[in-house]
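Below is one structure; the comments refer to it alone.
The values are calculated or read from the model by the stated rules, or taken from the named source; none is laboratory data. Predicted, not measured: the structure shown is a model, and the values here were computed from it. FYI the Cβ positions are ideal-geometry reconstructions off the backbone, even for glycines, and counts take in every protein chain you see. Side chains included, ligands, DNA and RNA excluded: accessible areas come from the protein's heavy atoms. Shrake-Rupley method; radii C 1.70, N 1.55, O 1.52, S 1.80 Å.
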Amino acid sequence: MRFTDAHIELAHGAGGKASRRLIEGLLVPYLMNDTLPELNDAAYIDADGRRLAITADSYVVKPLVFPGGSIGELAINGTVNDLAMGGAKPLALVTTFILEAGLSTSELEREVAAMAKAAQRAGVSVAGGDTKVVEHGKADGLFITTAGIGLTDPRVLLSAEHVRPGDQVILSGPIGEHGITVLLARGELDLEADLTSDTRPLWPFVAALIDAAAPGLRWLRDPTRGGVATALNELARDAKVAVVLDEEAIPVRPAVRGTCEILGLDPLHIANEGQFLAIVSPEYADMALEAIRGIPGGEDARRIGEIQEDPKKVVLARSRYGGTRVIDMLVGDPLPRIC
């Protein structure tokens with residue numbers, strides 16, 4: 001894949017096809033090496049017989065505060081969740097603040113306090129970082145960049161290469177709440193909904209899942225930018241399989257569904273910050289569901305589809321009427337800057 005676009009646009013950071021072109025067509029040819037056999041949310045390195053996971057992320061959400069969370073809390077949860085999706089217990093992270101001249105001290109203190117609280121809840125320490133200040137108008141208040149490290153559980157080795165036809169697709173809970181919450185919090189639409197972001201640390205769920213179903217656990221992903229559709233399309237392409245979903249089994253709260261219908265959006269393409277997808281072998285699927293549901297906040301976990309062998313390598317959704325529709329990756333994200 002060659003990157004031929006003359007300029008970088010917002011779509012290149014949206015998590016869909018444009019992002020994939022940028023990564024695979026421009027970044028990977030220069031930076032790919034033996035530590036990056038797959039383009040996952042976390043990379044692995046071996047250190048004295050231990051397998052470590054490392055990840056990095058940046059947060060540019062607008063607005064900085066939204067119902068259920070803020071950029072500071074999001075920075076902690078997003079980083080530890082990328083480690084958890086690699087089967088790694090988060091250990092520590094470092095952070096960089098990009099501050100815009102004119103940002104009020106009270107706003108900065110609020111977000112640092114939110115980060116401290118979120119780190120305590122996630123069981124990680126913020127071990128270091130850096131601070132930079134840029135001119136007014138250059139950073140929209142506050143940007144946060146993080147890097148995290150975690151220790152992988154030796155009982156699992158997660159990879160798209162391990163996914164097989166017949167494996168089950170499990171979703172940890174309702175989708176679309178974070179993206180729609182942030183969209184409405186901007187106040188640019190004459191819409192209201194009783195929603196809060198789903199941002200939260202996911203390691204407790206993953207730890208329980210590994211304890212219950214490690215031999216059958218194939219792949220994990222938190223469907224952030226681009227939502228469930230993009231995450232599963234990437235899996236279908238990487239594993240060379242088809243993902244067939246039962247659309248009626250996918251949990252979507254009425255407020256999210258109603259807002260999406262009004263705006264012409266698909267909940268499967270909306271970002272999530274506190275849910276994850278798991279691919280599990282069929283004999284372990286029930287145990288996996290029971291484990292997730294046993295953790296507070298996981299009660300709405302569902303089995304939403306299965307892996308099938310299909311040369312088309314697309315994600316299909318079956319409706320209640322028996323028909324199917326193709327769920328493709330977005331060219332661009334209709335909700336920029338939500339994570």
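Computed extension gain for Lys132 through Glu309, at 0.36 nm per residue and net of the alpha carbon distance, reaches 58.8 nm.
Stokes-Einstein, applied to the Kirkwood radius of the stretch 13-115 over Cα pairs at a viscosity of 1.567 mPa s and 4 °C, places its translational diffusion at 81 µm² s⁻¹.
Only lysine pairs 8 or more places apart or on separate chains count here, and in the chain those with Cα atoms under 26 Å apart total 11.
Comparing Cα centroids, the stretch 259-279 and the stretch 60-83 end up 17 angstrom apart.
Entry note, the stretch 192-316: relative contact order of 45 percent, from Cα contacts under 8 Å with a spacing of 6+ residues. With the convex hull of the Cα atoms taken as the outline of the stretch 221-321, the averaged projected area works out to 7.2 nm². When you count the other C-beta atoms within 10 angstrom of each residue and take the mean per peptide, 257-264, 289-296, 238-245 line up highest first as 238-245, 289-296, 257-264. Taken per residue, the accessible surface of the chain reaches 46 Å², heavy atoms only and a 1.4 Å probe.
Hydrophobic long helices, here whole DSSP H runs in the chain with Kyte-Doolittle means of at least -1.0 and Cα atoms spread over 24 Å or more along the helix axis, are found at 105-122.
The separation of the stretch 206-225 from the stretch 124-189, counted between C-alpha centres, amounts to 16 Å.
Restriction of the GluC sites (Glu not before Pro) in the stretch 1-100 to DSSP coil positions whose beta-carbon has at most 14 other beta-carbons within 10 angstrom yields Glu9, Glu38. Looking at the stretch 180-339 alone, DSSP beta bridges between its own residues are antiparallel in about 75 percent of cases. Under the combined filter of DSSP loop state and at most 14 neighbouring Cβ atoms within 10 Å, the stretch 181-250 retains these GluC sites (Glu not before Pro): Glu188, Glu192. Evaluated with a Cβ-only charge set (Lys, Arg +1; Asp, Glu -1), the chain carries a dipole of roughly 340 debye about its Cα centre, given to the nearest 20. Value of Rg to Rh for the chain, rounded to two decimals, is 0.95; Kirkwood radius and Rg both from alpha-carbon coordinates.
Carbon-plus-sulfur accessible fraction, the chain (probe radius 1.4 Å, protein heavy atoms only): 53%.
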